[in-house]
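Chemist: Provided herewith is a single structure, encoded as structure tokens, for subsequent inquiry.
The values are calculated or read from the model by the stated rules, or taken from the named source; none is laboratory data. Only a predicted model underlies this, so the values are computations on that prediction, with no experimental measurement involved. FYI the Cβ positions are ideal-geometry reconstructions off the backbone, even for glycines, and counts take in every protein chain you see.
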């Protein structure tokens, strides 16, 4: 399967598609996606069981893709870690430690489950629960503002999740 990137939103799309399934823009013309391109690029060397559906975002610890796990027939989020983050054994050990901690939070409300920390050839990636609905940032871009009650609800959910992590001696370094 050949992937290309939508010129409007950089979402990976299948060659031959007429429209981008994310933004609705015509899929023609398209530009091939590659690592480091604007849309997050094609995830390198993922096992064939994962079909990339779209690029979700980029952060300090890698690129995240919505994938379909063909073996389990479920959608998952795959965070592809940059090679430089896993080249040194000390950095890799820290990632393993954080992954083990995250895997223990399955019973914490508001924290997505981590299913695995895996490697395929030279690519290391995290397999995580996918939460449909998008990010708070995307919601605010779409709705422009939230009610006070909604802000309180979201704040309480975030506080509850952080409390669960803190009770287990884990501090989220991005908050």
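Chemist: Tally up the residues in the range 94-123 that are in contact with a strand residue (DSSP E or B) (Cβ under 8 Å, 6 or more places away or on another chain), in contact (Cβ under 8 Å) with a residue 40 or more places away in the chain and farther than 29 Å from residue 167 by Cα, please.
Modeler: 1
Chemist: Among the residues of the range 139-151, are any touching a residue at least 60 places away in the same chain (Cβ under 8 Å) and in contact with a helix residue (DSSP H, G or I) (Cβ under 8 Å, 6 or more places away or on another chain)?
Modeler: Checked against the condition, which is being touching a residue at least 60 places away in the same chain (Cβ under 8 Å) and in contact with a helix residue (DSSP H, G or I) (Cβ under 8 Å, 6 or more places away or on another chain), the range 139-151 yields no hits at all.
Chemist: Could you pull out every one of the strands (runs of 3 or more DSSP E) wholly within the range 24-127 that has 2 or more residues that are modelled with pLDDT of 90 or more and either surrounded by fewer than 16 Cβ atoms within 10 Å (Cβ to Cβ) or on the phi > 0 side of the Ramachandran plot (or both)? Outline the logic, then answer.
Modeler: Numbers: elements: 50-59, 62-69, 74-80, 114-120.
Filter on the range 24-127 gives 74-80, 114-120.
Chemist: Right, something else. Which of (1) under 26 Å from residue 53 (Cα atoms); (2) surrounded by 11 or more Cβ atoms within 10 Å (Cβ to Cβ) is the odd one out, the single condition residue 133 does not satisfy?
Modeler: (2)
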